[in-house]
Amino acid sequence: MKSKIAAAIVKKPYKFLDQQINWYPGHMRKATNQIEDQIGRTNLFMEIIDARAPVSTHNASLETIIPKRVKQLIIMNKADLAHKETTQRFLDYYKQKGVAALALNAKGDAGGQHLLKELRRLATPHFRSLGSWLMIAGIPNVGKSTIVNTLRKSSKAVAGRTKSAKVGPTPGVTRGLSGFKVSVNPLLYLIDTPGVMPTKVESNEVGYKLLLCGCVKEGIVDNFYLCDYLLHCFNERKMKEYMKLYDMSRTENLYDVVEAIQKKHKTKNVSDACDLMFKNFREGKLGKITFDEAPKE
């Protein structure tokens, strides 16, 4: 599956900066070792990926440490921000491969109930009194802790009884393993893990996608260059929502967009205009986009 997924990243005619994009601080190495130590006691392994970049946000190195007896579930989170038809193509691909997968908006009202129903189906305990152990993992800032909290709130017997998982807008909030009860009937426990990156980002294209999705520490690449690539992706897909949002009649390059933003929002400089465009993208105001293409059989 790894080779198929790697091949699905379509190379675009876009000139990226000649800059290596990697982020693998010491706590990630420690977390990887902890995951490997604890995964043997689990019944179900859940990998959370960002539905806007399902290929790029998949950590293939985690596949090598999952015991064969442990079931797997791929959760495409933030599906509300992704292109709906492309998300469905990924779900169809996973189904063809025999991999359980679902698309989710963890912050949505129905997200927790939908996932909890699937977990109860996949992780029914062999002994009801002992329950089942689940593990949730993925790269930083794909929504793992948000999903943990959503699950607990969705289970009325659990909600409000124990602490919540820490969440935040920047990657790397969770630093150690934590355990939570997420269901009473059946009895399900969940191990929340820190976000773990691959030791090496495959390419600058993947790195830009990770930066756009907020999975890598900000500041590695200036927002101007990220917005330039984002604009390239929008134009390539003929997505013109940004023109309506910024009252534009034409566009040739990012400077046209920056000029329109400065005119409408009175931003002081190019950096502020790019920051606002970046913020609007994260909020979904520039349209639903998926940066990766689903693998083809």
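Worth pointing out:
- A cut-off under 13 angstrom between Cβ atoms defines the neighbours of Asn223, and their net charge, with Lys, Arg +1 and Asp, Glu -1, is -3.
- Options Met239, Tyr94, Leu188, ranked by Cα towards positive dipole end of the chain, top entry (Cβ charges): Leu188
- Measuring r between the beta carbons of Lys238 and Asn22 and using R0 = 51 Å, the FRET efficiency lands at 0.95.
- The amide H of Ile139, built 1.01 Å from its N in the peptide plane, has Asn59, Val196 as neighbours under 5 Å, considering only residues 5 or more places off or on other chains.
- Here the Karplus curve 6.51 cos²θ - 1.76 cosθ + 1.60, taken at θ = phi - 60°, turns the phi angles of the stretch 130-147 into couplings of 8, x, 10, 10, 10, 10, 10, 8, x, 6, x, 6, 8, x, 4, 5, 4, 5 Hz, with x standing for Gly and Pro.
- Note, ³J(HN,Hα) from phi for the stretch 270-285, Karplus 6.51, -1.76, 1.60, rounded to Hz, x at Gly and Pro: 4, 4, 5, 5, 5, 4, 5, 4, 4, 5, 4, 4, 4, 7, x, 7
- Converting phi to 3J(HN,Hα) with the Karplus coefficients 6.51, -1.76 and 1.60 and the offset θ = phi - 60°, the stretch 21-31 yields 10, 9, 8, 9, x, x, 5, 6, 4, 5, 5 Hz in sequence order, with x at every glycine or proline.
- By the compact-protein rule of thumb, 2.2 N^0.38 Å, the alpha-carbon radius of gyration of the chain corresponds to a ratio of 1.04.
- Rolling a 1.4 angstrom probe over the protein heavy atoms with all chains in place gives the chain an accessible area of 50 Å² per residue.
- The stretch 28-109 - percent of accessible surface contributed by carbon and sulfur, probe 1.4 Å: 45
- Loop GluC sites (Glu not before Pro), the stretch 227-264, which have at most 12 other Cβ atoms in a 10 Å radius of their Cβ (DSSP): Glu252
- Axis of helix 223-236 versus longest Cα principal axis of the chain: the two differ by about 90°, to the nearest ten degrees.
- Inter-centroid distance (Cα atoms) of the stretch 72-103 relative to the stretch 217-243, Å: 24
- If the chain linking Ile65 and Lys296 were pulled fully straight, counting 0.36 nm for each residue of separation and taking away their Cα-Cα distance, it would gain 80.5 nm.
- Residue-averaged [θ]222 nm for the chain, counting only DSSP H segments that reach four residues, each worth -39500 (n - 2.57): -11000 deg cm²/dmol
The values are calculated or read from the model by the stated rules, or taken from the named source; none is laboratory data. Here the structure is a predicted model, which means the values were calculated and not measured. Here the Cβ is made from the backbone with ideal geometry for all residues, glycine too, and neighbour counts use every protein chain on show. The area values use the complete protein model at the heavy-atom level, side chains included, leaving out ligands, DNA and RNA. Shrake-Rupley method; radii C 1.70, N 1.55, O 1.52, S 1.80 Å.
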